[in-house]
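Take a look at the structure set out below.
The values are calculated or read from the model by the stated rules, or taken from the named source; none is laboratory data. All of these numbers come straight from a predicted model, not from anything done at the bench. Counting neighbours? That spans all protein chains shown, and the Cβs are built from the backbone with ideal geometry, glycine included. Areas reflect the complete protein model, heavy atoms only, side chains present, ligands, DNA and RNA absent. Shrake-Rupley method; radii C 1.70, N 1.55, O 1.52, S 1.80 Å.
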Amino acid sequence: MSAPVYKPEEYFLTEEEPIRYKYLTYLKDLFAQNWLLLAAWLGSALLMAILCWIYAEPVELALLYLAITAFFMFVYLGFYLRRLHTIKHLLAGDVFDPEKYPRSLQSCAEKMEELNQKMISTSSSAKKEQTDLENYFSLWAHQIKLPLAAMELQLQLENPDREELIRCEKRIARDVSQAMIYVRLDGSDYRIQNVNLESVIRPLIRENASSFIHRHITIDCDFDQGVVCTDRKWIGYVIEQLLSNALKYTPDFSTLTIKTTATTFSILDEGCGIAKEDLPRIYEKGFTGKNGHNNLTASSGFGLYLSDEICHRLGCTLKIENRKDLPEGKTGVIASIEFPPALYFKD
């Protein structure tokens with residue numbers, strides 16, 4: 001016989017529903033879970049009556065047996081019904097206290113408490129993720145308004161600035177790409193393969209060629225055995241973010257240096273550098289640092305956070321620090337990615 005199906009609506013009733021229905025439910029469960037014991041008791045009483053008839057014993061003997069066993073049977077079922085009522089009453093309470101359950105159910109109650117805590121933790125994590133997502137898109141919506149407004153103003157002119165429209169379009173595309181990365185960060189869309197870093201970097205340089213030319217920034221590339229084991233799409237986003245940051249903070253008429261080896265990628269700029277107190281926090285979600293607060297450039301504080309998270313998932317190490325190889329009085333930043341060996345991804 002299959003086990004009875006648990007239906008919470010049969011146990012936890014509202015005040016408007018009759019109390020009689022609740023106890024009928026208890027009795028239904030009692031008979032459903034102890035029907036074999038009740039059948040054995042009735043069978044033994046019938047057997048006792050047959051034996052009394054065969055051996056010509058007084059029928060009162062069978063009735064006495066039935067009465068005595070019925071007494072003990074109903075005492076047992078009474079305790080069972082009482083315990084069932086207590087357990088269901090505890091389950092219906094707002095506070096779960098394992099110590100109030102019968103001793104025989106302590107292990108079960110402790111397991112329920114453990115599952116209850118896990119459920120609360122999961123619910124809190126889900127709420128936090130939902131809140132973070134809402135906060136991110138609130139900030140994202142605010143940021144996306146700026147290039148849209150700039151494009152709208154340009155389109156109202158008789159001779160709109162084509163270069164400005166292209167810059168706004170690229171910024172919108174970059175912000176949309178970042179939003180997609182943020183949403184899909186915890187997914188499993190990773191394809192590990194051998195990737196030639198030069199083939200990833202050169203298209204990114206071409207995309208920003210107009211900015212380099214307009215600002216007279218020189219690109220010095222040194223590609224040496226830049227084949228690594230990683231995901232092309234995701235590492236492309238990280239390199240694009242590092243290149244975008246370098247371009248954002250580098251002054252006009254300066255030089256950007258990009259280097260690759262068999263295990264590393266690095267980009268060196270001659271920008272304003274990073275404040276010493278900000279360095280430990282640059283990977284925090286939403287952190288913009290002094291450069292962001294001083295409004296040197298538009299910054300969301302999510303680019304490096306996402307880049308660090310992606311590198312962690314790809315087994316890479318992202319390092320960003322101030323340059324120490326420049327002459328006194330000059331500043332700059334070196335951002336590097338250290339890739340794991342191919343054996344890292346073998347099962």
Item to complete: Kindly indicate whether residue 165 is of a type outside the set (Asp, Glu), open to solvent by less than 50 Å² (accessible area, probe 1.4 Å) and not in a loop (DSSP other than H, G, I, E, B).
Response: yes
Worksheet entry | Hey, residue 86 surrounded by 10 or more Cβ atoms within 10 Å (Cβ to Cβ), modelled with pLDDT of 80 or more and not charged (D, E, K, R) or not | no
Practice prompt. For residue 290, indicate whether it is open to solvent by 70 Å² or more (accessible area, probe 1.4 Å), of a type outside the set (A, V, I, L, M), without any contact (Cβ under 8 Å) to a residue 40 or more places away in the chain and assigned to a helix (DSSP H, G or I).
Written response: yes
Response to the item:
Restricted to region 252-264 and to residues being part of a strand (DSSP E or B) and of a type in the set (Ser, Thr, Tyr), the residue least open to solvent (accessible area, probe 1.4 Å) is 260
Practice prompt. Looking only at region 153-160, decide whether some residue is within 18 Å of residue 286 (Cα to Cα) and open to solvent by less than 50 Å² (accessible area, probe 1.4 Å).
Written response: no
Worksheet entry | Sole exception among (1) modelled with pLDDT under 90; (2) out of contact with any strand residue (DSSP E or B) (no Cβ under 7 Å at 6 or more places or on another chain) for residue 226, by number | (2)
Discussion item. Of the residues 158, 169, only one is under 27 Å from residue 144 (Cα atoms) and within 33 Å of the chain's Cα centre (by Cα); which?
Written reply: 169
Practice prompt. Kindly state which helices (runs of 4 or more DSSP H) lie completely within region 169-251 and contain at least 2 residues that are surrounded by fewer than 14 Cβ atoms within 10 Å (Cβ to Cβ).
Written response: 197-207, 209-215
Worksheet, complete the sentence: residue 254 vs (1) of a type in the set (Gly, Ala, Ser); (2) over 30 Å from residue 327 (Cβ atoms); (3) at pLDDT 90 or above: all pass except (2)
Item to complete: Name the one entry in 64, 77 that is assigned to a helix (DSSP H, G or I), of a type in the set (A, V, I, L, M) and at pLDDT below 80.
Response: 77
Practice prompt. Give the residues of region 183-241 that are on the phi > 0 side of the Ramachandran plot and within 37 Å of the chain's Cα centre (by Cα), sorted by residue number.
Written response: 225
Worksheet, complete the sentence: For region 52-61, the count of residues that are in a helix (DSSP H, G or I) and either surrounded by 12 or more Cβ atoms within 10 Å (Cβ to Cβ) or acidic (Asp, Glu) (or both) equals 3
